[in-house]
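Step one of this worksheet: look at the structure below.
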Amino acid sequence: MVVGGLVLAAGAGRRMGAPKALLRLRGTTLADRTLRIARDGGCDPAVVVLGAQADRVRAAADLTGATVLVNADWESGLGSSLRAGLAALAGTRAVAALVLLVDTPGVSAAAVRRVLARGDRRALVCATYDGQRRHPILLGRDHWTAVAALAEGDVGARPYLSSAGVAVAEVPCDDVADPTDLDTVEDAWRCGVDLGGATP
């Protein structure tokens, strides 16, 4: 089964002072790290969606082998990046898209593999932590058009996944990953993320 990895890395990271894609964990940019997790988890092809300071992210990160898109509408929020990424994967043989956010460095390849194992073109699968749906998320190809239609502003697939009549498989990943979002500088410190290389 061909599953495309979709890394969303377009945000400006205003509270961090620079895009989160540029932050480093153990010497590696979060853009590099997230792409590697997608690949190590079994995703191929891979699409990375950039936005804020895209040229700087390209220069700092090794995104070799991935399709790199620059979302000109990144300021409108996550939804536009998800739509752009799904549109790019539509031109591939992928039967599903595995969505990862660049600001969740505790998500692991093991979590990706666990979610991916439940997927096909009709599937919707979410990793859960303490019973709460988080990332990674797998979107079967049959749902892409409907997901994209509802992905607006700073929300991605959540409106579609919450729709009445939509069946979502939930896969507990508490034992293999940490879903913490890097929303603040304090979050970054707690996760061991280096902010030094990201400042303008």
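Hey, can you tell me all the residues within region 65-95 that are of a type in the set (S, T, N, Q) and closer than 23 Å to GLY13 by Cβ?
Narrowing region 65-95 to residues of a type in the set (S, T, N, Q): 67, 71, 76, 80-81, 92.
Result: THR67, ASN71, SER76, SER80, SER81.
Within region 52-68, restricting attention to residues that are out of contact with any Pro (no Cβ under 8 Å at 6 or more places or on another chain) and of a type outside the set (A, V, I, L, M, F, W, C), which residue is farthest from VAL3 (Cα to Cα)? Please lay out each step first, then the result.
If we filter region 52-68 for residues that are out of contact with any Pro (no Cβ under 8 Å at 6 or more places or on another chain), which is where we start, we get 54-55, 58-65, 68.
In the following step, the residues that additionally are of a type outside the set (A, V, I, L, M, F, W, C) were identified as 55, 58, 62, 64-65.
Details: ASP55: 27, ARG58: 24, ASP62: 21, THR64: 18, GLY65: 15 Å.
Among residues in region 52-68 that are out of contact with any Pro (no Cβ under 8 Å at 6 or more places or on another chain) and of a type outside the set (A, V, I, L, M, F, W, C), the one farthest from VAL3 (Cα to Cα) is ASP55.
Just to be sure before I move on: is ARG14 at pLDDT below 95, more than 22 Å from TRP144 (Cβ to Cβ) and out of contact with any Gly (no Cβ under 6 Å at 6 or more places or on another chain) in the structure I sent? Steps first, please.
Values: at pLDDT below 95: yes; more than 22 Å from TRP144 (Cβ to Cβ): yes; out of contact with any Gly (no Cβ under 6 Å at 6 or more places or on another chain): yes.
So ARG14 passes the test.
Go through region 1-59 and give me each residue that's in a strand (DSSP E or B) and without any contact (Cβ under 8 Å) to a residue 12 or more places away in the chain.
The initial filter retains those residues of region 1-59 that are in a strand (DSSP E or B), namely 3-9, 24-25, 28-29, 46-51, 53.
Of everything in region 1-59, just one residue is in a strand (DSSP E or B) and without any contact (Cβ under 8 Å) to a residue 12 or more places away in the chain, namely THR28.
The values are calculated or read from the model by the stated rules, or taken from the named source; none is laboratory data. This is a predicted model, so every value here is computed, not measured. For neighbour counting, all protein chains shown are included, and Cβ atoms are generated from backbone atoms with ideal geometry for every residue, glycine included.
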